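The values are calculated or read from the model by the stated rules, or taken from the named source; none is laboratory data. None of these values were measured; they are calculated from a predicted model. Positions of Cβ are generated from backbone atoms using ideal geometry, with glycine treated the same way; all protein chains shown enter the neighbour counts.
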Amino acid sequence: MIRFDTVTKVYDNNSRPALDAVSLEVDRGEFVFLVGASGSGKSTFIRLVLKEDRVSRGAVYVAGQNVANIPSWRVPKLRRGIGVVFQDFRLLPNKTVFANVAFAMQVIGKSRAVIRETVPDVLQTVGLEGKNNRMPHELSGGEQQRVAIARAIVNRPGILLADEPTGNLDPTTSMGIMKVLDRINSNGTTVVMATHDDDIVNTMRKRVVELRNGSVVRDDAEGIYIGETEVSAQ
Ligand SMILES: Nc1ncnc2c1ncn2[C@@H]1O[C@H](COP(=O)(O)OP(=O)(O)OP(=O)(O)O)[C@@H](O)[C@H]1O
């Protein structure tokens, strides 16, 4: 579903590669934690999958296609197949919960009838039934992240990328979000989640890919993660 073939990314003003010859394959339906300290290259990985940036060397394949060969006019189609969730939710502050999720369908031209039918189902999937008419500021952080997840999956992407989705949430709320992501993954969506939250990684027992200074230093099925403090103390 996602394949990195010896991918190196060097940002122009930075001599050390953000990713250094990374090769990695994520199969359809997998759940993968991308872990590592701040600056290890997790967000760069996500940006390259979305073709928000270009590789310096190597190639990134999404659903079998080398993203370097996707012309700019077809990039929106690539991104339509990939839902994205961020640490800071990024909701539209002046739109209701329903409207925030509906907006993602409107922009790709879905009919009002389809939107009216689909949005409540998705809000139920993320555990937000009954909150259609709330504004984002009337929701807790965990609820706001659920809206963001609903918006990311409403167009049924094959891939969901989550960049530190629990970074602003307390541990209990974070586990609620993890249950939602796990459920979405069980429904067939490939999930890649960047995090440095070792508690979450160690509770979920999924595949763990660890980046350090832009290199993959570990790739374990049902792995654990020992966080930054312990690693730097070695
Ligand atoms: N736009 C950019 N221009 C120059 N350097 C960048 C840019 N984006 C990231 N970097 C550098 O690339 C390296 C990897 O950064 P990246 O954001 O991918 O790490 P990360 O693991 O996601 O970190 P964090 O957990 O803090 O988000 C860092 O050294 C960072 O300073």
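Points worth noting:
- Residue within the range 149-168 that is of a type in the set (A, V, I, L, M, F, W, C), over 13 Å from the mean Cα position of the chain (by Cα) and within 27 Å of residue 93 (Cβ to Cβ) present: yes
- Scanning the range 48-58 for residues that are under 17 Å from the mean Cα position of the chain (by Cα) and either more than 15 Å from the ligand (Cβ to nearest atom) or assigned to a loop (DSSP other than H, G, I, E, B) (or both) yields 50, 51, 52, 53.
- Verdict on residue 117 being modelled with pLDDT of 95 or more, among the acidic types (Asp, Glu), surrounded by fewer than 15 Cβ atoms within 10 Å (Cβ to Cβ) and not in a helix (DSSP H, G or I): no
- Helices (runs of 4 or more DSSP H) lying entirely in the range 126-234 (those with 3 or more residues that are surrounded by fewer than 16 Cβ atoms within 10 Å (Cβ to Cβ)): 171-186, 198-204, 228-232
- Boolean, residue 35 is buried (at least 20 other Cβ atoms within 10 Å of the Cβ) and out of contact with any Cys (no Cβ under 7 Å at 6 or more places or on another chain): yes
- Scope the range 9-47; condition away from the ligand (no atom under 14 Å from the Cβ) and not in a loop (DSSP other than H, G, I, E, B); matching residues: 21, 23, 24, 25, 26, 31, 32
- Look at the range 37-54: where a residue is without any contact (Cβ under 8 Å) to a residue 60 or more places away in the chain and a partner is of a type in the set (Asp, Glu) and more than 7 Å from the ligand (Cβ to nearest atom), sitting 6+ places away or on another chain with Cβ atoms under 6 Å, you get 47/53.
- In the set (1) within 29 Å of residue 198 (Cβ to Cβ); (2) assigned to a strand (DSSP E or B); (3) more than 16 Å from the ligand (Cβ to nearest atom), residue 61 fails one condition alone, (1).
- Exactly one residue out of 44, 8 is β-branched (Val, Ile, Thr) and within 29 Å of residue 183 (Cβ to Cβ): that is 44.
- Of the numbered criteria (1) within 30 Å of residue 138 (Cα to Cα); (2) at pLDDT below 95, the one residue 98 fails is (2).
- Considered as a group, the residues in the range 1-23 that are closer than 11 Å to residue 48 by Cβ and not small (Gly, Ala, Ser) include one that is surrounded by the fewest Cβ atoms within 10 Å (Cβ to Cβ), and that residue is 8.
- Qualifying residue in the range 95-107 (condition: over 30 Å from residue 170 (Cα atoms), outside any strand (DSSP E or B) and free of Cβ contacts under 8 Å to residues at least 40 places away in the same chain): yes
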